[in-house]
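Colleague: Before I ask anything, let me first share the structure, which is written out below as structure tokens.
The values are calculated or read from the model by the stated rules, or taken from the named source; none is laboratory data. Quantities reported herein were computed from a predicted structural model and do not represent experimental measurements. With ideal geometry, Cβ positions are generated from the backbone for all residues, glycine too; neighbour counts draw on all protein chains shown. Heavy atoms of the whole protein, side chains included, go into the accessibility calculation; ligands, DNA and RNA do not. Shrake-Rupley method; radii C 1.70, N 1.55, O 1.52, S 1.80 Å.
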2 protein chains.
Amino acid sequence: MSRTLSAAIIQQAWSGDAASMFAATQAAIRAAAAQGARLVLLQELHRGPYFCQVQDPQLHDLAEPIPGPSTTALGALAAELGVVIVASLFEARGPGISANTAAVLDADGRLAGIYRKMHIPQDPGFEEKFYFTPGDLGFQPIDTAVGRLGVLVCWDQWYPEAARLMALAGAEILCYPTAIGWNPDDDADEKARQLEAWVTVQRGHAVANGLSVLVANRVGHEADPSARSPGIAFWGNSFACGPQGEFLARADQQGETTLMVTLDLSRNAEVRRIWPFFRDRRIDAYGDLLQRWQGGRLLKRTP
Amino acid sequence: MSRTLSAAIIQQAWSGDAASMFAATQAAIRAAAAQGARLVLLQELHRGPYFCQVQDPQLHDLAEPIPGPSTTALGALAAELGVVIVASLFEARGPGISANTAAVLDADGRLAGIYRKMHIPQDPGFEEKFYFTPGDLGFQPIDTAVGRLGVLVCWDQWYPEAARLMALAGAEILCYPTAIGWNPDDDADEKARQLEAWVTVQRGHAVANGLSVLVANRVGHEADPSARSPGIAFWGNSFACGPQGEFLARADQQGETTLMVTLDLSRNAEVRRIWPFFRDRRIDAYGDLLQRWQGGRLLKRTP
């Protein structure tokens with residue numbers, strides 16, 4: 001018996017001001033719901049610009065509590081439309097303690113749960129370790145009216161551990177709000193490799209775990225406020241894939257779009273029966289996954 | 001400073017008898033070495049047919065000790081040609097205790113090490129749990145004249161844990177001898193999804209771990225000895241990819257071939273510097289990876 005779910009992935013460009021950006025987001029959610037979406041995934045830090053290009057202590061002013069203004073507004077919209085919304089926010093936890101947090105508003109408007117980004121990047125243009133206290137809630141999926149969601153955020157997408165832990169805890173869909181793009185100075189080959197790597201590793205999570213993956217990425221160029229770099233060309237390419245990694249929908253890098261996709265959640269179980277990877281995990285031999293690095297150890301020569 | 005390595009991936013069809021098969025394998029190794037290969041990867045259980053389509057206790061007669069006849073012959077060839085050979089063998093360990101084992105012959109002919117397949121499949125046509133005692137050596141790479149090899153076998157390829165553990169232990173290249181194919185009765189769409197899933201998940205390991213991946217698969221149809229199924233159409237498609245998952249070479253499903261590929265091992269470090277995933281692993285929060293399944297647990301609702 002199939003169990004389908006209509007989902008929407010909203011890919012946006014930064015509008016230049018917070019009010020028009022949030023209005024556009026809400027309008028896109030309404031439009032998606034009108035087309036039948038029951039789950040809506042928003043991109044990373046959708047309320048504003050990707051502000052992490054520079055390190056500026058004043059930017060903690062952008063953070064807000066959760067629950068707070070965004071979850072109140074989005075919760076009301078979720079209840080009105082009867083949709084589940086995955087919203088990525090800059091969470092104010094305390095003085096100098098902010099987090100990159102995804103809030104899930106259930107279809108009745110309540111805050112179903114939050115996920116605080118566990119893996120925090122830090123590289124030129126993505127100065128996230130400066131802003132974001134690492135997540136402290138672990139890899140815990142969130143139950144909603146449309147199913148159990150494994151919400152992860154951006155840099156998490158490179159970590160098979162994160163996907164696996166969500167799947168082991170019963171996640172049926174992985175949802176990745178994302179903000180990733182090119183350094184405009186990189187050559188075309190490097191850009192192509194980076195984009196393809198990003199798509200591939202996430203499709204790989206779908207395959208390894210027998211579940212669907214939804215990814216919402218920002219699109220469009222955002223300037224470096226310090227003008228010391230060419231900024232970031234967010235590469236869009238939001239996509240959805242099924243439990244064999246098969247594409248269900250994919251955006252391009254050209255502009256804003258809402259991807260509408262129908263997931264067949266009953267496929268998860270079908271695929272896991274023909275490829276029962278969970279059955280055969282060697283949990284007796286995975287202990288070293290909890291180690292940082294062992295590359296320098298002396299290897300035994302066997303036999 | 002780049003550090004390149006010429007590698008060969010040998011994709012073969014079962015010849016119908018062990019003597020001609022091994023002769024063809026040795027000829028292919030010689031030809032690859034003549035073209036400059038210093039590392040040669042052979043497909044899973046290359047000495048014979050893929051015998052696991054049926055469960056027959058007598059087939060343990062096919063197993064041989066390691067060291068044994070195959071490692072002696074291949075070791076001599078490795079030394080003569082100055083190549084490292086990764087050979088997948090059916091290992092006789094004791095009465096009723098056999099293993100699916102990859103032996104690595106170093107460029108001086110010595111047995112550099114072995115890996116015993118850790119994840120053992122069992123499904124119609126792939127009756128491996130009947131034959132193969134699960135590996136007991138863990139995920140330990142093998143040092144050779146051409147670098148530290150993370151040798152894994154077939155079903156292991158679906159497990160991000162296996163790839164990660166090899167990478168954490170310093171593997172520079174993942175090598176997968178493989179025997180995977182289609183059920184000829186499946187429809188074209190399902191076949192396409194399976195092949196693409198298999199390629200994708202392994203490219204994903206390359207991306208997640210910043211290393212090259214080499215895969216040697218069987219090709220061609222092998223009949224079911226019991227005639228109760230249409231047999232297996234091994235899908236070939238052996239391939240090599242670099243540390244961003246980029247294809248370096250790829251075979252088709254049409255027939256036997258030797259893929260020659262030049263790996264730039266210095267790319268591993270370059271890629272890991274721009275995408276330092278190992279730096280940010282949340283080893284404090286990965287403990288549940290050692291659990292079998294938690295899908296039924298009661299979730300806390302946060303906050």
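Colleague: Considering only residues that are under 19 Å from B:Ala192 (Cα atoms), within 12 Å of chain B (Cβ to nearest Cβ) and basic (Lys, Arg), which ones fall in the stretch A:244-294?
Modeller: A:Arg267, A:Arg272, A:Arg273
Colleague: For residues that are open to solvent by less than 30 Å² (accessible area, probe 1.4 Å) and either under 16 Å from B:Glu80 (Cβ atoms) or outside any helix (DSSP H, G or I) (or both), tally how many sit in the stretch B:14-37.
Modeller: Of the residues in that region, 7 qualify.
Here is a yes/no grid of residues against (1) without any contact (Cβ under 8 Å) to a residue 40 or more places away in the chain; (2) closer than 29 Å to B:Ala223 by Cβ:
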| position | (1), (2) |
| --- | --- |
| B:Cys52 | no, yes |
| B:Ala87 | no, yes |
| B:Gly109 | yes, no |
| B:Thr133 | no, yes |
| B:Asp143 | yes, no |
| B:Leu149 | no, no |
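Colleague: Among the residues of the stretch A:287-296, are any small (Gly, Ala, Ser), surrounded by fewer than 17 Cβ atoms within 10 Å (Cβ to Cβ) and in contact with a Leu (Cβ under 8 Å, 6 or more places away or on another chain)?
Modeller: Yes, the stretch A:287-296 has at least one match.
Colleague: Return the residues of the stretch B:233-255 that are of a type in the set (Gly, Ala, Ser), surrounded by fewer than 21 Cβ atoms within 10 Å (Cβ to Cβ) and under 25 Å from B:Val54 (Cβ atoms); say none if nothing qualifies.
Modeller: Result: B:Ala233, single match.
Colleague: Would you confirm, using the coordinates I've provided, whether B:Pro230 is in contact with an Asp or Glu (Cβ under 8 Å, 6 or more places away or on another chain), touching a residue at least 12 places away in the same chain (Cβ under 8 Å), surrounded by fewer than 18 Cβ atoms within 10 Å (Cβ to Cβ) and of a type outside the set (A, V, I, L, M)?
Modeller: When the stated conditions are applied, B:Pro230 passes them.
Colleague: Here's something else I'd like to know. Give the residue, chosen from B:Leu59, B:Leu45, B:Leu77, B:Leu81, that is among the hydrophobic types (A, V, I, L, M, F, W, C) and under 19 Å from the mean Cα position of the chain (by Cα).
Modeller: Going through B:Leu59, B:Leu45, B:Leu77, B:Leu81 in turn, the sole match is B:Leu45.
Colleague: Of everything in the stretch A:233-243, what is in a loop (DSSP other than H, G, I, E, B) and either within 13 Å of chain B (Cβ to nearest Cβ) or under 26 Å from B:Trp198 (Cβ atoms) (or both)? Give them in sequence order.
Modeller: Of everything in the stretch A:233-243, those that are in a loop (DSSP other than H, G, I, E, B) and either within 13 Å of chain B (Cβ to nearest Cβ) or under 26 Å from B:Trp198 (Cβ atoms) (or both) turn out to be A:Asn237, A:Ser238, A:Gly242, A:Pro243.
Colleague: One residue is enough: does the stretch A:158-165 have a residue meeting the conditions closer than 20 Å to A:Ile10 by Cβ, surrounded by 24 or more Cβ atoms within 10 Å (Cβ to Cβ) and either free of Cβ contacts under 8 Å to residues at least 24 places away in the same chain or within 14 Å of chain B (Cβ to nearest Cβ) (or both)?
Modeller: Within the stretch A:158-165, not a single residue is closer than 20 Å to A:Ile10 by Cβ, surrounded by 24 or more Cβ atoms within 10 Å (Cβ to Cβ) and either free of Cβ contacts under 8 Å to residues at least 24 places away in the same chain or within 14 Å of chain B (Cβ to nearest Cβ) (or both).
Colleague: Somewhere in the stretch A:182-192, is a residue touching a helix residue (DSSP H, G or I) at 6+ places or on another chain (Cβ under 9 Å), within 14 Å of chain B (Cβ to nearest Cβ), on the phi < 0 side of the Ramachandran plot and of a type outside the set (D, E, K, R)?
Modeller: Yes, there is a match, as at least one residue in the stretch A:182-192 is touching a helix residue (DSSP H, G or I) at 6+ places or on another chain (Cβ under 9 Å), within 14 Å of chain B (Cβ to nearest Cβ), on the phi < 0 side of the Ramachandran plot and of a type outside the set (D, E, K, R).
Colleague: Then there's this: So how many residues does the stretch B:259-283 have that are more than 18 Å from B:Ser2 (Cβ to Cβ) and open to solvent by less than 50 Å² (accessible area, probe 1.4 Å)?
Modeller: 9
Colleague: For the stretch A:57-103: of the residues being in a strand (DSSP E or B) and open to solvent by 20 Å² or more (accessible area, probe 1.4 Å), which is nearest to the other protein chains (Cβ to nearest Cβ)?
Modeller: A:Arg93
Colleague: Can you pull out the residues in the stretch A:110-145 that are surrounded by fewer than 20 Cβ atoms within 10 Å (Cβ to Cβ), more than 16 Å from A:Ala179 (Cα to Cα) and more than 8 Å from every other protein chain (Cβ to nearest Cβ)?
Modeller: Correct list: A:Arg110, A:Phe130, A:Thr133, A:Asp136, A:Ala145.
Colleague: Next up: Looking for whichever is of a type outside the set (S, T, N, Q) and touching a Phe, Trp or Tyr at 6+ places or on another chain (Cβ under 9 Å) here; the options are A:Arg228, A:Arg273, A:Arg282, A:Arg267. Which one fits?
Modeller: Exactly one of A:Arg228, A:Arg273, A:Arg282, A:Arg267 is of a type outside the set (S, T, N, Q) and touching a Phe, Trp or Tyr at 6+ places or on another chain (Cβ under 9 Å), namely A:Arg282.
Colleague: Return the residue satisfying two criteria in turn: it lies in the stretch A:104-126 and is among the basic types (Lys, Arg) and in a loop (DSSP other than H, G, I, E, B), and of such residues it is nearest to the chain's Cα centre (by Cα).
Modeller: Applying the filter and picking the extreme gives A:Lys117.
Colleague: I'm checking my understanding of the structure. Among residues of the stretch A:182-221 that are part of a strand (DSSP E or B) and open to solvent by less than 10 Å² (accessible area, probe 1.4 Å), which one is farthest from A:Val86 (Cα to Cα)?
Modeller: My answer is A:Val219.
Colleague: Working only within the stretch A:38-56, note down all residues that are closer than 21 Å to A:Ile114 by Cα, in contact with a helix residue (DSSP H, G or I) (Cβ under 8 Å, 6 or more places away or on another chain) and assigned to a loop (DSSP other than H, G, I, E, B).
Modeller: A:Leu42, A:Glu44, A:Leu45, A:His46, A:Arg47, A:Gly48
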